[in-house]
Structure formats: structure tokens, C-alpha cells
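The values are calculated or read from the model by the stated rules, or taken from the named source; none is laboratory data. Values in this document were obtained by computation on a predicted structure and should not be read as measured data. Here the Cβ positions follow ideal geometry from the backbone for every residue, glycine too, while neighbour counts run over all protein chains shown.
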Amino acid sequence: MTKKFENKVVIVTGGTSGIGLATAKAFSAEGASVFITGRRKDTLDAALKEIGGRVTGVQGDMSKLVDIDRLYDAVQQKHSHIDVVFANAGGGEMVPLGAITEEHYQKTFDTNVKGVLFTVQKALPLLRDGGSIVLTSSTTSISGTPAFSVYSATKAAVRNFARNWILDLKDRRIRVNAISPGVTDTAGLNELFGSGESAENTKAYLASLIPAGRVGQPEEIAKAVLFLASDDASFVNGVELFVDGGQAQI
Ligand SMILES: NC(=O)c1ccc[n+]([C@@H]2O[C@H](COP(=O)([O-])OP(=O)(O)OC[C@H]3O[C@@H](n4cnc5c(N)ncnc54)[C@H](OP(=O)(O)O)[C@@H]3O)[C@@H](O)[C@H]2O)c1
């Protein structure tokens, strides 16, 4: 049977852990040549082993333009074009209004907004007409969470990039969609919730608030990303797809 992404070139930023890793694996299993990024070398090496197939790792910080340039230089050494960009690298910390520092603001916006913007913009010369871009937003783009305002503002910005970029990229028939995961069991989330028992308790509490009755798994987000990136979603453009067990709908 033909694989859905056979011979496609796919970029997954933040592809060494959690949602990005699960998505890189899913693209690879569907035949894609995948390029992943992450800042930590050991985590990058472990992810490359886990993904297997035709995967290339580029160590780098997506909030830095020189590192994004290195990513696309590496792509050009092997391929003449890109089919899919999944701009996923991101994260956040909990800081309540009153304690927000310039550093916290800068770090969060640089990674989540500047990083996504330039990951996409610098891909454009290589991205083929009719290609697909998926941006990782979050349910926080439309909801409030105590001590999470800066992160939530970045994800609202990311969601709005999709609305505007479908107009800028109209003539090239490039689709842009945002994926908004709800609470998803990843290393990043566990760290945010203080790891160990503290994280388990927080996840159990949050699960009780989710209509599906549980938190999500990275593989469930990956399936939705592959849908948006594929021709199955050929008329889906500019949407925010919530993959959250119903959390954002109540
Ligand atoms: N988990 C959730 O509940 C949830 C919900 C909604 C949205 N999200 C979003 O989903 C995305 C992935 O999160 P996750 O939960 O899968 O987190 P994760 O397990 O911490 O994975 C984050 C990935 O991004 C990489 N990364 C972080 N900052 C980077 C940077 N500046 N440059 C390059 N790579 C970077 C990390 O590697 P290094 O640390 O080595 O760089 C890692 O590969 C993020 O955008 C997050 O905001 C997560």
C-alpha cells in the first residue's frame, strides 16, 4: 500500500520530545524524509534513534535566525524542496501577572512567536506551491489559565498567524492551519507541573475537567497534524483544530 507521505520532505521543529517526536515518527512511518530540531544534543540523538527511517537531526534553537538558516541549509544539502512544515517548537512557564519579568516575556515570545514566524518565512523559498504548514497553538489561545498569560498570548498570536498567512500565501496554494492540543502527556507538560507526584496530581485533576475524562497522548495530536498536512485536508485552510478531548468546547 502507498504510504501517505512517501517521498515528501517534512520539517518538524521541536521534534525530539513529546508532540513533535510523536509527529516526526508518524511522518516517518508514512514514508517521509523528516528533519527534526531541538536544542539538546543528547535528546536529539536519542530521538533520531527512536524515529529511524529517513530522518535528519539539526541541533538548534528556533528562536535564533542563524539556527533556522542552518536547518534549511541542511535540507538543501539533500533536497530541492520542502512539502510540509510543522512549526511546533515551543514551551512556557507559569508566572502570574505581577511577577512577569522582561526575560520571561522575551524568552516565551522569542521561542513561540518569533521562532514560528521565521521557521515559516525562511522555509518559503523551498516550500513547494500547494504545500502545507501546520503551526502548534494551544487551547490557551482562547481560554484563561492562572499564571499562564504570556504563554497564552503567544499561542493566540500563533493561531492568528494562520488566519493571515493563508492570504499572503494564497497565490501559491499553500495551506496554513493551527493545531491546538489540550492537556497532553509530554515531558514538557510534566516539567511545567513540577514533575513526579505533583505532575501526576495536576494531570488527574485536569483530566476530571475534560469531557473525554483523560489527558491526551502525543500520538493523538500527531494523527491530527498528519491529517492537516495531508491531501485529505485539501480544503481545510486557516482553521484551529482543537485536539483536546472536548475541553475547549465547554
Ligand atoms: N503538552 C501539552 O499539554 C501542550 C498543549 C498545548 C500546546 N502544546 C505545545 O506543543 C508544543 C510541543 O510541546 P510538548 O508538550 O511536546 O513539549 P516537550 O515535550 O517539552 O517538547 C518540546 C520540544 O521542542 C523543543 N524545543 C523547545 N524550545 C525550542 C527551541 N527554542 N528551539 C528548538 N527546539 C525547541 C524541545 O527540545 P529542546 O528542549 O532540546 O530544545 C522538544 O523537542 C509546544 O509548542 C507547546 O507549547 C503542548
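Give the residue that is surrounded by the fewest Cβ atoms within 10 Å (Cβ to Cβ), with candidates limited to residues of the range 76-107 that are closer than 19 Å to ILE221 by Cα and within 16 Å of the ligand (Cβ to nearest atom).
So the first thing to find is which residues in the range 76-107 are closer than 19 Å to ILE221 by Cα, and the list is 84-92.
Add one more test, that the residue is within 16 Å of the ligand (Cβ to nearest atom), and what stays is 85-92.
Numbers: VAL85: 28, PHE86: 30, ALA87: 26, ASN88: 29, ALA89: 25, GLY90: 26, GLY91: 18, GLY92: 22.
Only one residue tops the list, namely GLY91.
Just give me the residues in the range 125-138 being of a type outside the set (Gly, Ala, Ser) and closer than 20 Å to ALA233 by Cβ, in sequence order.
If the condition is that a residue be of a type outside the set (Gly, Ala, Ser) and closer than 20 Å to ALA233 by Cβ, then LEU127, ARG128, ASP129, ILE133, VAL134, LEU135, THR136 are the ones that fit.
Every residue, every condition in (1) touching a residue at least 24 places away in the same chain (Cβ under 8 Å); (2) more than 15 Å from the ligand (Cβ to nearest atom), yes or no:
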site: MET1; (1), (2): no, yes
site: LYS4; (1), (2): yes, yes
site: ASN7; (1), (2): yes, yes
site: ILE19; (1), (2): yes, no
site: ALA29; (1), (2): yes, yes
site: SER33; (1), (2): yes, yes
site: LYS41; (1), (2): no, no
site: ALA46; (1), (2): yes, no
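Return the pair list, or none, for Cβ contacts closer than 7 Å from residues in the range 51-77 that are farther than 21 Å from GLY31 by Cβ and outside any loop (DSSP other than H, G, I, E, B) to residues that are at pLDDT 95 or above and of a type in the set (Asp, Glu), at least 6 apart or on different chains.
ASP67/ASP61
Looking only at the range 160-188, how many residues end up being touching a Ser or Thr at 6+ places or on another chain (Cβ under 8 Å) and surrounded by fewer than 21 Cβ atoms within 10 Å (Cβ to Cβ)?
Here the count works out to 2.
Please list, ordered by residue number, the helices (runs of 4 or more DSSP H) wholly in the range 121-227 having 2 or more residues that are more than 13 Å from the ligand (Cβ to nearest atom) and over 14 Å from the mean Cα position of the chain (by Cα). If you could, list the steps in order and put the result at the bottom.
Working: elements: 149-168, 187-192, 196-209.
Correct list: 149-168, 196-209.
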